[in-house]
Amino acid sequence: MKSEIRKRLAALRAVMQKSGIDAWYISGTDPHSSEYLPIRWQTRQFISGFTGSYGVLVVTQKDAALWTDSRYFLQAEEQLEGTGIVMQKLRVPEAVLPEQWILEKLPAESRVGVDTQTISTEGFRQFENVLKKGNIALVATGDLFEQIWQNRPDFPANEVFEFELKYTGLSRKEKQEQLITATTKAGANYHLITMLDELAWQYNLRGSDILYNPVFCAYALVGKNKSYLFVNKNKLNDKTLDSLHNDGVEILDYEKFYDFLSELKGQKIYLDTNTANFAAFSNIRLKNEIVEGTSIVSLLKAKKNPVELEGFRTAMLKDGVALVEFLFWLKQTVGKSAVSEFTIGEKLKECRAKQEGFMGESFPPIVGYKEHGAIVHLSVNPNNALPVKADGILLFDSGGQYFDGTTDITRTVALGRISEQQRIDYTLVLKGMVALSMAKFPYGTKGCHLDILARQPLWQNGMNYGHGTGHGVGHFLNVHEGPMAIRQEYNENMIEPGHVLSNEPAFYRKGQYGIRTENMIVCKEMEETQYGKFLGFETLTLCPIDLELIKTDLLSFEETQWLNKYHQMVNQKLKPCLAKEYHEFLDDLTQQI
């Protein structure tokens, strides 16, 4: 495979030379700014062999580099070795950004190419502004992969289906009215939608074009009197087509999207420059006025309505049952039969698949035993999975897609002999997770203000983790969604009632083990006083937290009380849904401390 990567790089360099460019920037995403990608757009993996879900590349005639964050440092080093591509670190103090790297590598008057369908408008602007300092031009090249990727997979053509009102809580027409009202208030008469999860939510449709995400490839332009959905018509059955038509939606061909934009004139179009690609922006701005701002659809989608929230609670019950059955199997099997990280991931899926309305996993399971636990987004196969023994600790991060909602949970469990240091590390991580769970904060608080709560116990001991603490979670949609987040970096979008987020502080000792405890939480109103409105969180996830790994004398009275109440809730809600053979096991896992 490494030699194949080197051949592909050589082919790309030949095309670059023919096109008159000195470097080519590869965003690693698709025209929809997706995290998980249709096979056709898995260009980062094709050109580098790196399989992580985040990373950008720059290829010059002499050098090649891939930038990723701390979730993938160890994985990227291993997968890039021998390819001629060097790994560069992002989101660390010493990071050298791709544009800075280019300034160091290329002389003035060089030309850097990019496929403008695969870079956001804001990303293009920032890149261009930095390159200008070195008198280097950023130019549109089109998709060079078309010239070097033989037998490249076509666009997915999977069927799109209606997502019923009993799950969505709001009809397509109601969502359209919401969007038009907000768009008009923002001074525009059309709203451009390019993110696939936003399209799926807005139109109450779901699909299977991307593994783990129930979405479909499309674009949309939503106005008061016209709503255009650009999608392959063959993906829609007659009933769905009629339903869309009755709601005033006009279906146009997916591949005619950019032509349509170039012919549009005299309109005021609202778009999100952080997600809408530069090719779309460039076509719209020719004859129209653009209103820029955070996608209104993303803001509406993030605030789950009561029906969606009830769906999440139902999904958590199903997930909790599956996870208790899985933990029972794990404790009964490890040390007695051959088990690997890979077979554990398969077992997690098997347990969830028994639940009604299960539609697949929400992301590839991350199962890390001992030193593999320190690889944040580890992805194993039967060939590289470690055998799991009755010794040390195991980290597993997994989730399910149900019609009711999307789940994401991480647990770290003891499988046998554990050290005092492991107990200390585990408990410090737990303290951070509990602190965020118990948070009470004034309306207007942003994620970066809350992030410190999860990190403080670690910081006090000179420890930290490199990834964010919390991301939004979609409702039978993408497991990672915005626009809000709980992480150290500033994000202008505040945490509001109805936001469903993950709560996942962690700690990793390279070459030894990883620890992460993750629940899903929903923001809710707590009280209103003379000092304003105060918010907090309700924990949604229902799964025991390993008591064997806790160093109880490090927990405060309040933390112990929270844990006992949480386990009491887990026991009370899951027991009626579990077969009797698991009751004693659940009692043991949720005993009071």
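Determine whether His467 is closer than 22 Å to Gly399 by Cβ, of a type outside the set (Gly, Ala, Ser) and either at pLDDT below 95 or surrounded by fewer than 22 Cβ atoms within 10 Å (Cβ to Cβ) (or both). Let's see the steps before the verdict.
On the way: closer than 22 Å to Gly399 by Cβ: yes; of a type outside the set (Gly, Ala, Ser): yes; either at pLDDT below 95 or surrounded by fewer than 22 Cβ atoms within 10 Å (Cβ to Cβ) (or both): yes.
Yes, satisfied.
Being touching a residue at least 60 places away in the same chain (Cβ under 8 Å) and closer than 28 Å to Glu325 by Cβ is the filter; apply it to segment 553-565 and report the residue that is surrounded by the most Cβ atoms within 10 Å (Cβ to Cβ). In this case the residue turns out to be Leu563. Looking at Val388, Val434, just one residue is assigned by TED's automatic domain parsing to the domain that holds Asp553, over 17 Å from Leu327 (Cβ atoms), over 19 Å from the mean Cα position of the chain (by Cα) and crowded, with 24+ Cβ neighbours inside 10 Å, and that residue is Val434. Filtering Asp408, Asp451 for residues that are touching a Gly at 6+ places or on another chain (Cβ under 6 Å), at pLDDT 95 or above, assigned by TED's automatic domain parsing to the domain that holds Arg509 and not polar (S, T, N, Q) leaves a single hit, Asp408.
Might you let me know whether segment 180-191 holds any residue that is within 27 Å of the chain's Cα centre (by Cα) and surrounded by 23 or more Cβ atoms within 10 Å (Cβ to Cβ)? Even if it seems obvious, please write down each step before you answer.
Going residue by residue through segment 180-191, those that are within 27 Å of the chain's Cα centre (by Cα) are 182-183, 191.
Then drop every residue that is not surrounded by 23 or more Cβ atoms within 10 Å (Cβ to Cβ), which leaves 183, 191.
Yes, because at least one residue in segment 180-191 is within 27 Å of the chain's Cα centre (by Cα) and surrounded by 23 or more Cβ atoms within 10 Å (Cβ to Cβ).
For Phe312, the conditions (1) in a helix (DSSP H, G or I); (2) in the same structural domain as Asn225 (by TED's automatic domain parsing) are fulfilled apart from (2). Each residue in segment 533-557 was checked for being more than 26 Å from Ile418 (Cα to Cα) and of a type in the set (Asp, Glu), and 1 pass.
Is segment 491-502 home to any residue that is assigned to a strand (DSSP E or B), over 24 Å from Pro442 (Cβ atoms) and either aliphatic (A, V, I, L, M) or within 21 Å of the chain's Cα centre (by Cα) (or both)? Let's see the steps before the verdict.
In the first step, residues of segment 491-502 are kept if they are assigned to a strand (DSSP E or B); the result is 494, 499-502.
Subset that is over 24 Å from Pro442 (Cβ atoms): none.
So far as segment 491-502 goes, no, none of its residues is assigned to a strand (DSSP E or B), over 24 Å from Pro442 (Cβ atoms) and either aliphatic (A, V, I, L, M) or within 21 Å of the chain's Cα centre (by Cα) (or both).
Restricting attention to segment 221-238 and to residues that are surrounded by fewer than 18 Cβ atoms within 10 Å (Cβ to Cβ) and touching a residue at least 60 places away in the same chain (Cβ under 8 Å), the residue that is farthest from Lys287 (Cα to Cα) turns out to be Asn237.
Could you name every one of the strands (runs of 3 or more DSSP E) located completely within segment 511-593 that has at least 1 residues being of a type in the set (Asp, Glu) and in the same structural domain as Ser437 (by TED's automatic domain parsing)? Steps first, please.
Values: elements: 513-516, 519-529, 532-539.
Passing ranges, in order: 519-529, 532-539.
Looking across segment 127-157 at every residue that is in a helix (DSSP H, G or I) and surrounded by fewer than 14 Cβ atoms within 10 Å (Cβ to Cβ), the one that is farthest from the chain's Cα centre (by Cα) is identified as Lys132.
Does Phe281 qualify as being at pLDDT 95 or above, part of a helix (DSSP H, G or I) and of a type in the set (Phe, Trp, Tyr)? Yes; evaluated as a whole, the condition is true for this residue. For segment 84-97, the condition of being modelled with pLDDT of 95 or more, more than 25 Å from Lys133 (Cα to Cα) and buried (at least 20 other Cβ atoms within 10 Å of the Cβ) holds for at least one residue. For the condition more than 18 Å from Leu542 (Cα to Cα), at pLDDT 95 or above, buried (at least 21 other Cβ atoms within 10 Å of the Cβ) and under 24 Å from the mean Cα position of the chain (by Cα), Lys347 does not qualify.
Of all residues in segment 175-215, count the ones that are outside any loop (DSSP other than H, G, I, E, B) and more than 25 Å from Lys233 (Cβ to Cβ).
So the answer is 7.
Scan segment 231-244 and give yes if some residue there is part of a helix (DSSP H, G or I), under 30 Å from Ser398 (Cα atoms) and either in contact with a Pro (Cβ under 7 Å, 6 or more places away or on another chain) or at pLDDT below 95 (or both), otherwise no. No. Taking the criterion of being in contact (Cβ under 8 Å) with a residue 60 or more places away in the chain and in contact with a Leu (Cβ under 7 Å, 6 or more places away or on another chain), the only residue of segment 60-74 that qualifies is Asp69.
Based on this model, can you work out whether Glu77 counts as surrounded by fewer than 20 Cβ atoms within 10 Å (Cβ to Cβ) and either in the same structural domain as Tyr258 (by TED's automatic domain parsing) or in contact (Cβ under 8 Å) with a residue 40 or more places away in the chain (or both)? Taking the combined requirement at face value, the residue does not satisfy it. Annotation: of all residues in segment 5-57 being outside any loop (DSSP other than H, G, I, E, B), closer than 21 Å to Asp69 by Cα and aliphatic (A, V, I, L, M), the one that is farthest from the chain's Cα centre (by Cα) is Ile47. Is there a residue in segment 432-450 that is without any contact (Cβ under 8 Å) to a residue 60 or more places away in the chain, among the β-branched types (Val, Ile, Thr) and more than 30 Å from Leu199 (Cβ to Cβ)? No: zero hits.
Suppose the filter is farther than 19 Å from Val215 by Cβ, in contact with a Phe, Trp or Tyr (Cβ under 9 Å, 6 or more places away or on another chain) and surrounded by 17 or more Cβ atoms within 10 Å (Cβ to Cβ); does Tyr270 pass it? Before the answer, list the steps.
On the way: farther than 19 Å from Val215 by Cβ: yes; in contact with a Phe, Trp or Tyr (Cβ under 9 Å, 6 or more places away or on another chain): yes; surrounded by 17 or more Cβ atoms within 10 Å (Cβ to Cβ): yes.
For Tyr270, the condition - farther than 19 Å from Val215 by Cβ, in contact with a Phe, Trp or Tyr (Cβ under 9 Å, 6 or more places away or on another chain) and surrounded by 17 or more Cβ atoms within 10 Å (Cβ to Cβ) - is met.
In summary, Gly536 fulfils each of the numbered conditions (1) in contact with a Ser or Thr (Cβ under 7 Å, 6 or more places away or on another chain); (2) touching a residue at least 60 places away in the same chain (Cβ under 8 Å) with the single exception of condition (1).
The values are calculated or read from the model by the stated rules, or taken from the named source; none is laboratory data. None of the values given here were measured: they were computed from a predicted structure. In this analysis, Cβ positions are derived from the backbone assuming ideal geometry, glycine residues included, and neighbour counts consider all displayed protein chains.
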